[in-house]
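For reference, the structure discussed in these notes is given below.
Here, each number is a calculation from the coordinates, and none is a lab measurement. All values reported here derive from a predicted model rather than from experimental measurement. All Cβ positions, glycine included, derive from the backbone under ideal geometry; neighbour counts span all protein chains shown.
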Amino acid sequence: MGRSVDVELRHVTKKFDDVIAVDNVSLEIERGEFFSLLGPSGCGKTTTLRMIAGFEHPTSGEVFIQGQPMGATPPFQRNVNTVFQNYALFPHMTVAENIAFGLEMKGVPKAERQRRVEQALRLVRLEGYGERRPLQLSGGQQQRVALARALINQPGVLLLDEPLGALDLKLRKEMQLELKHLQTSVGITFIYVTHDQEEALTMSDRIAVMNEGKVLQIGTPEEIYERPNCRFVADFIGESNFLEGRVTEVAPDRVVVVVDDSFPVVAPGGPAVSPGEWVTLAVRPEKIHVQPGSGQVGVNGHHGGRVEEVVYIGTDTYYLVRLSDRVTVRARLQNRSTGADGRGGLAHGAEVAVSWAPEHTLVLT
Ligand code: ATP
């Protein structure tokens, strides 16, 4: 089957008086894709979603759904459905009545409604709950009712605005896996708004990272994580050490940057930089090796340092290592069966050798 675009935004801008909530956003979302809009509070995710739903209209630019320009098409005439964070269930109706509401409005006969309600309840694993009222359900169950109510209309596209935001962490993690499973089995395009990077990485086929109304990067979770294209993305997705330095060598296969006028760091070739230029290097804490013993500065990428802080977090331990007067890096090492205590050589105050592979050094300009 060929690639087919379900939702497209073409140069979409939305202004509220002086505020530019969404700033010239263009993106294409494919049919059946789980696509997330990820970014901090106020970056324009919800406004973007509301324009796809038809609750807001672009100040300029155009939204296309299944190839059709939406113009001022009202929400109910779009082949989309929205699931909100607060569920918006009717408290006086049973679960089954809540789920069937949309079908009843459309005049679908009762027998057909019942059949589809049963099917929707099965889909969200709430068989047998049809006669309860929303307040007799847990938060996670209410969220599933809201999902069933949206899915029963069999929309081409489902829009979800922080749908798991009100749930506690454990339930949220369970629901993330369920949602992903559900999306794969129904094959509907999901457009998912979240500020939670882990949630986006877990569920998405692709992610658009937004900040201040702009889309900074679009890619698969792996692309976004392994090759962030700017400092904001490298910082917002996962964790990064940032090191400022000056380029001293540019070769086809490598770039050398001297950090803090004191130690050289090797990065892969490729970035468009020239000698003398100041750049920022980003290195993930989990890519950094720390070994007991003193490192020789600048030899084979090993830097000598001293452990200043040890933070045990169960699966891993963080080590804050000072490399020079002005530079520290944070390393994240997995705790194997020995636990953190097994690393006597890495205790607070220990002299250590720090290294990471050139391919794990990202040059940001
Ligand atoms: P959050 O995660 O906090 O919901 P968000 O990324 O979804 O944030 P939006 O709700 O899209 O961000 O808001 C983007 C910007 O537009 C914010 O500065 C917000 O204050 C502003 N904004 C959103 N809706 C309106 C409105 N109806 N009137 C005026 N300003 C608005």
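Amide H to amide H, with H built 1.01 Å from N, residue 34 comes under 5 Å of 190, 205, 206, counting only residues 5 or more places away or on other chains.
Scalar couplings 3J(HN,Hα) for region 14-30, obtained by applying the Karplus form with A = 6.51, B = -1.76, C = 1.60 to θ = phi - 60°, are 10, 10, 10, 6, 8, 7, 8, 6, 9, 10, 6, 8, 10, 7, 10, 10, 8 Hz; x denotes Gly and Pro.
For the chain, a Gaussian network of Cα nodes joined below 10 Å ranks 194, 202, 48 by mean-square fluctuation, and the top entry is 202. Taking other C-beta atoms within 10 Å as the exposure proxy, 312, 319, 225 rank 312, 225, 319 from fewest upward.
Most exposed first by the Cβ proxy, i.e. fewest other Cβ within 10 Å, how do 131, 33, 308 rank? Show your work: numbers first, answer last.
Values: 131 10, 33 20, 308 13.
Neighbour counts put them in this order, fewest first: 131, 308, 33.
Comparing mean-square fluctuations of 200, 347, 21 from a GNM of the chain with C-alpha springs under 10 Å, the top value falls on 347.
Cβ crowding within 10 Å ranks 106, 287 as 106, 287, fewest other Cβ atoms first.
Please express the shape of region 90-210 as an equivalent ellipsoid: the semi-axes are the square roots of 5 times the eigenvalues of the C-alpha gyration tensor, given largest first in whole angstrom.
Numbers: eigenvalues 132, 55, 27 Å².
Rounded to whole Å, the semi-axes are 26, 17, 12.
Quick one: compute the contact order of region 239-364, relative version, from alpha carbon pairs under 8 angstrom and 6+ residues apart, as a percent.
Working: 300 pairs, mean separation 36.2, N = 126.
Computed value for region 239-364: 29 percent relative contact order.
For region 71-160, calculate the relative contact order in percent as a whole number, restricting contacts to Cα pairs under 8 Å that are 6 or more residues apart. Rounded, it is 49 percent for region 71-160.
Dividing the summed -39500 (n - 2.57) terms of all DSSP H runs of n ≥ 4 by the residue count of the chain sets its mean residue ellipticity at 222 nm at -7000 deg cm²/dmol.
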